[in-house]
Amino acid sequence: MSDELRAAVAAGVLGAEESHRALLQSIVEVARAIFKAKASSIFLLDEESDELVFEAVAGEGSDSLIGRRFPSSTGIAGFVLVSRQPLVVEDVVQDPRFGREAAESTGFVPKGLMAAPLLHEERALGVLEVLDRPREARFTLAEMELLGLFANQAAIALDLLQRARRAKAALDGEGELDVLARVAAVLEERREEGSRESALRLLAELENLL
C-alpha cells in the first residue's frame, strides 16, 4: 500500500468535508439575508447520541454555537424533526413546544421562528431554522415554499457532509488499511483489462468508502 494512495484518499475526504461545511454556511447566510432575519441555523441529527448539533449558524450566536448539542426532542426544532413538517411560530413564548431553557443557554432567545425538516431519501437529517424575521411582515405561502427550497439544498449538503465524515472515520479507524487495500487490489487486478466491469467494481469499492 503506497503512502501516495493513502494521502490522496485522505486529502480528498478532508477537502470534501470542508467544502460541504462551507456550503451549509452559505445556505444559512443567504436564508438569513432573504428573510431579513436576525439569525439562521442548521442542525444535524447525531443518530448515535440522539442529539441535534449546530452545524452552521449565521447572525446571532455564529461565533459560539457551532458544535453545541442538545437532546433531539428539545424544543420546536425537535418537534419539526420528529413530525417532518415545517412550522412557523410568530410568538414562541406562547408555544408550549418552545424550549426556553435550551434557547437561553445559547445566549439568544428569539421572538418568532420558521423551521423546516431536512429530509433526504426518507431520512430526517436535521432541521433548518430562521429566527426573528420582521414581525410586521405577514407570513405567506410563498415564503414557506422558499423555506422549503433552502431546506432541500441544506439536506443535500448535510447528507454529503455525513458521507465525508464516515469516510474520514474509516480512514482514521482500524479499517483504514482494509479499505485502501480493497481499492488498490481492484486497480491492480483490472489494470490491464480496461473493462466496464473493472470500472464498476472500483466504483463499488469507493462507494463503500464514502
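The values are calculated or read from the model by the stated rules, or taken from the named source; none is laboratory data. Just so it is clear, the model here is predicted, and its values are computed rather than measured. Counting neighbours? That spans all protein chains shown, and the Cβs are built from the backbone with ideal geometry, glycine included. Only protein heavy atoms, including side chains, enter the accessible area calculation; ligands, DNA and RNA are left aside. Shrake-Rupley method; radii C 1.70, N 1.55, O 1.52, S 1.80 Å.
Once amide H atoms are built 1.01 Å from N in the peptide plane, which residues 5 or more positions from ALA56, or in another chain, come under 5 Å H to H?
The list, which skips near neighbours in sequence, is ILE42.
Percent relative contact order of the stretch 51-175, based on C-alpha pairs within less than 8 angstrom and at least six residues apart?
Relative contact order, the stretch 51-175: 19 percent.
Distance between the C-alpha centers of the stretch 62-84 and the stretch 111-168? Whole Å please.
Going from one Cα centre to the other spans 12 Å.
On a full-extension model of 0.36 nm per residue, what is the gain between LYS36 and GLU48, subtracting their alpha-carbon distance, rounded to one decimal in nm?
0.8 nm
Return the distance in nm (one decimal) between the two label points of a simple spin-label model at LEU141 and VAL109, each offset 7 Å from Cα along Cα→Cβ.
The two pseudo-label positions are separated by 3.6 nm.
Any chance you could run the full-extension gain for SER19 through SER73? It's 0.36 nm times the residue separation minus the Cα-Cα distance, nm to one decimal.
Extra length available between SER19 and SER73 comes to 16.5 nm.
May I ask you to give the percent of accessible area on the stretch 59-122 that is carbon plus sulfur, with a probe radius of 1.4 Å? Display every interim value, and only then the final one.
On the way: 1690 of 3490 Å².
Ligands and nucleic acids excluded, carbon and sulfur give 49 percent.
Amide H to amide H, which residues 5 or more places from GLU51 or on other chains are under 5 Å from it, using H placed in the peptide plane?
ASP46, SER72
How many nm is it between the label spots at ILE156 and GLU90, if each spot is 7 Å from the Cα in line with the beta carbon?
Roughly 3.4 nm, to one decimal.
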